[in-house]
1. Could you check the simple spin-label distance between Gln567 and Arg445, using points 7 Å along Cα→Cβ, in nm with one decimal?
2. How many percent of the accessible area of region 309-356 is carbon or sulfur, using a 1.4 Å probe?
3. Which of the trypsin sites (Lys or Arg not before Pro) found in region 54-90 are loop residues per DSSP with 10 or fewer other Cβ atoms within 10 Å of their Cβ?
4. For an R0 of 56 angstrom, estimate the FRET efficiency from the Cβ-Cβ distance between Arg23 and Glu342 and round to the nearest 0.05.
5. What are the ³J(HN,Hα) values, in whole Hz, obtained from phi via the Karplus relation 6.51 cos²θ - 1.76 cosθ + 1.60 with θ = phi - 60°, for each residue of region 268-278 in sequence order, with x given for Gly and Pro?
6. Given a 1.4 angstrom probe, what's the average accessible area per residue across region 3-151, in square angstrom?
7. I need the calculated FRET efficiency for the pair Met83 and Thr171, taking r as the beta carbon distance and R₀ as 30 Å, to the nearest 0.05.
8. In nm, to one decimal, how far is the Glu641 label point from the Glu41 one, both placed 7 Å along Cα→Cβ?
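The values are calculated or read from the model by the stated rules, or taken from the named source; none is laboratory data. Everything numeric in this text was worked out from a predicted model, so none of it was measured. Cβ placement follows ideal geometry from the backbone for every residue including glycine, while neighbour counts extend to all protein chains displayed. These accessible areas exclude ligands, DNA and RNA; they are computed on the full protein's heavy atoms, side chains included. Shrake-Rupley method; radii C 1.70, N 1.55, O 1.52, S 1.80 Å.
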Amino acid sequence: MEASTILPVLKKKLAFLSGGKDRRSGLILTIPLCTEQTSMEELSSTLDYLLGIPSEKCKARGFTVIVDGRKSQWNVVKTVVLMLQNVIPAEVSLVCVVKPDEFWDKKVTHFCFWKEKDRLGFEVILVSANKLTRYIEPCQLTDEFGGSLQYDHMDWVNKRLVFEKFTKESTSLLDELAVINENEKTSQPDKPRPSDCNALPSFDPETVLQTGHELLSELQQRRFNGSEGGGGGVGGGGGGGTAWSPMDDELLAQPQVMKLLDSLREQYTKYQEVCRQRSKRSQLEEIQTKVMQVVNWLEGPGTDQLRTQWGIGDSIRASQALQLKHEEIESQHSEWFAVYVELNQQMAALLSAGDDEDLLELKALQQQLSDVCYRQASQLEFRQNVLQSAHEFHGTAQDLSQQLDGLLGMLCADVAPADGAAIQQTLKHLEEKLKSVEGALQSLREKGQVLLEQISNQTSWFYGKEMQIENKENVDHVHSVMEDMQLRKQRCEDMVDVRRLKMLQMVQLFKCEEDASQAVEWLGELLDALLKTHIRLGDDSQETKVLLEKHRKFVDVAQSTYDYGRQLLQATVVLCQSLRCTTRSSGDTLPRLNRVWKQFTVTADERQHRLDMASSFHTAAERVLKEGCEQVEVLEVEVFEEVETVGKALLDRLTVPVIFPDGSEQFFGSPGDMASSAENIRDKMKLVEDKRLQHEEEEEEEEELEAEHLQEEAALEAGPDES
């Protein structure tokens, strides 16, 4: 009988073993009757359970039964005593009926238990509570009888439940573990294992062991603390005082628990090894299953996916679509690669701690899985590289096509630059465009060559007719793109050459026009310099000759500038005809050139005429003013007249402006400059006039002297005649 089956009855405390002993070392069984009606059936069940706890040795020493009838009726007490005869007649040595004070005196006379000793089989005595110590030591009595023995019925019930639960679970667990260990020991590894070989125990061994250790610890603590009033084990509450001694192995609880724990530990150790072997086998089987799943998928659907993906696309958009498709394939493969990594780690852990018989199988699985995964990963990477190269190739081809379209648009557009600088800028931009196209074409060739090499290497992965056809289409497409771009680039180069020649001619045209305008400006500057700075006429004939020479050179420079401008304008006409540029001509450059040139020639002629007059004037004046001159008097008079005539004419010339063909007028230099030149001429004319007057005086004096001489000669000739 287990406590759990009559737990409600046990909790009523109809009877209990407190752990106390009588003077014969027999156990004390206490039956505390109460005022309420006691169920004999429940009391009988309780007694049956309690009497099943002690060992046979304890039972042989007999029981002392204390029937506490202080709160009950005599009939109940009598019934209980008689029931003891039926339940435990042989084990009962003494029954102590604790009576109430002066209540049963009359009734006892009607039924004397001592007279029924032979029939009952045990002695029955009526005793008051205060006299119970005559038969039992106070330290073996509980406090309700004035003793010092501590007893907690609910604590005892709970401990009993724990003990029985542990005993039941541990016994069942031992049987199950023994069966499991024995089946594992007799099973053959190369044969299929029956389903019951993998059975698990009904109870958790760790939990049962922990419960047993806690129970044993409690038992040991109660045993060694008994001298302080503690209980004596699961079977009783122990005794107090200084003379407490445990019962003979206290209901066998402690040694039974220790024995069960030892057996459990032994079987559990074996079971742990069994579990380890099971786990290893299960792990090996699971790893093998997963390895074959990975291998079968990679060599089956995974390989089929790659075999159907060989194209490179015909545009950047198509190559991007293929890359997206490849990313989906890679995503599916990555899930299996993750399983591979996990399996590889598991196999590495098993290899590091595995047995020798498992190493070969594990290594073979690991090698097979690694070979398949690495081969598939290499194919994925190779395909990714091909698609990346194709994407770069098509991207470069698209950029090159756009550059060629832009270059062609520039070449087809009309050229209407404003000046030579704009043409040079346009030409530079055109050259840069062409250079960029050449660089892009070279990059396309390089990327195409890389792609062709990768395509040719695809045959190293799989061999099949369909793949060869696909490769040929890819190769033909790459060559076609590169050839098409080369032809487009060549056409653009030819058009660039034509445009370059045309633009260079336009540069020459603008240059000629610019230089012709510059020639006009130079002539204007020469004219301005002639009018403003070429104003000296010289102080003597020598200086005037130098000025004449400089003037001739100055006129030659102007003539060369004019001729250069005429040639440039003629070249402009020729270039316009070559460029078919009917909208452009020499414009107003030629009229401006001719107008400035006519103004210059008029001014230069005037300058030449004035210098010639100045030279004649200075030459004649110098002949007059030359000291020691012995010219004939007649010639000198002519010279005087020439100086005066030329000087007056030159002075008149200085006051006259230069009149241009268009009727405009312009003076040489400033009025002050002209006044200075006129002053120099007048000064020289005055010197010549003074020389003439001096000469005339000398002639008069000579004439007077000659007249006097003639008179003297005449007088001399007349004097002799008169004599």
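1. 4.5
2. Numbers: 1360 of 2680 Å².
C and S fraction of accessible area: 51 percent.
3. Counting only loop positions with at most 10 other Cβ atoms within 10 Å, none of the trypsin sites (Lys or Arg not before Pro) in region 54-90 qualifies.
4. Details: r = 75 Å, r/R0 = 1.34.
Taking R0 as 56 Å, the efficiency between Arg23 and Glu342 is 0.15.
5. 5, 4, 5, 5, 4, 5, 4, 5, 5, 5, 4
6. Numbers: 7170 Å² over 149 residues.
It amounts to 48 Å² per residue over region 3-151.
7. Step by step, r from the Cβ atoms, then E = 0.40.
8. 19.6
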